[in-house]
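Comments concern the structure below.
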Amino acid sequence: MIRGRSATSMTMETPVYPDFSLMACYAKAWKSFAKWWIPICLIAGGLMVFELGPKQLAKAESSAVSQSLTKIAVAIGQDDWLEVEELAIKLNETVLAYAKTVATFTLYATPVVAVLTILLLCTSIMAVQDRRIRYSPWRILFVALVNTLMTVVKILLLFLFLPLGIYLYIKLYFVSLAMVEERKNLAAAIQKSWSLSTGHFWPLLGMVILNSILQFAMVPTLIGLIPASGFATTTRAAAFAMLRDPE
């Protein structure tokens, strides 16, 4: 009898995770994206404009930095170190001007980017569920703020300790979705995301890598980056739906 109870106890303690197929997730995301591609791409396009805008607005300063570097390289080749010193001083001034311009425009663009990111996520949720959902503007603003702070933390962790940064990135992959879709507070959303990603770390990591490759491949075209970004967000919403409500 003791052995029987022990076996039963071990069986009960064994975690059971819902099935998650990466192929099924992409199929679901593609089906959803195909129906809702217009609003998704409109928001993704606006997001791209505000993300790339600061670099385009500082294009003149960027060109000046490149020219200064070229002149320094030529001066070094001619062993004109006095010229190198003068050009280095000018380069420092040019770099500071470039950094100031980018920082200024980024400061203004960041709030818009944060809100558009959550709006894109909300639209992707509607696409996956194939129905319109009304979201509170205050909830969107709050989640946008939280998402921005979490993004900064994730980036810092990725730079400081890559393995830990990658692990936490996947474990916290659904925090914003849980906050928007289920109206959870931050602590409950973290717990929800942690629970959903448990047992599915590698498939989710594979999905993030595939989405990153897709978006990176579309960078030269710029226009192609818009649907690629929208589809990547849709796959995230599809994974959330599949893990939350397994059939």
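Quick note: the coordinates plus some simple rules give every number you see, no bench work behind them. Note that the structure is a prediction, hence the values are computed from the model and not measured. Reconstructed Cβ throughout: ideal geometry from the backbone, glycine too, with neighbour counts over all protein chains shown.
Pairs of Cα atoms in region 91-200 fall into 10 Å distance bins, from 0 up to the last occupied one, in shares of 13, 35, 32, 14, 6, 0 percent. Other residues whose C-beta falls under 14 angstrom from the C-beta of Val115 contribute a net charge of 0, scoring Lys and Arg +1 and Asp and Glu -1. Only lysine pairs 8 or more places apart, or on different chains, with alpha-carbon atoms under 21 angstrom apart are counted in the chain, and they number 13.
Mean residue ellipticity at 222 nm, helices only, the chain: -29000 deg cm²/dmol; runs of at least 4 DSSP H residues each add -39,500 (n - 2.57), and the sum is divided by the number of residues.
Short to long, the 10 Å bins of the Cα pair-distance histogram for the chain hold 7, 23, 29, 18, 12, 7, 3, 1, 0, 0 percent of all pairs. Net length available on complete extension from Leu222 to Leu186 is 9.6 nm, with 0.36 nm assigned per residue and the Cα-Cα distance removed. Which residues does the label zone of Leu164 cover in region 194-237, counting backbone N under 20 Å from a point 7 Å along Cα→Cβ? In region 194-237, the label zone of Leu164 (backbone N under 20 Å from the point 7 Å along Cα→Cβ) covers 194.
Using the Cβ of Val208 as centre and a radius below 15 Å, the other residues enclosed give a net charge of +3, where K and R count +1 and D and E count -1.
For Ala75, the shell of other residues with beta-carbons less than 13 Å away shows a net charge of -3, using +1 for Lys and Arg and -1 for Asp and Glu.
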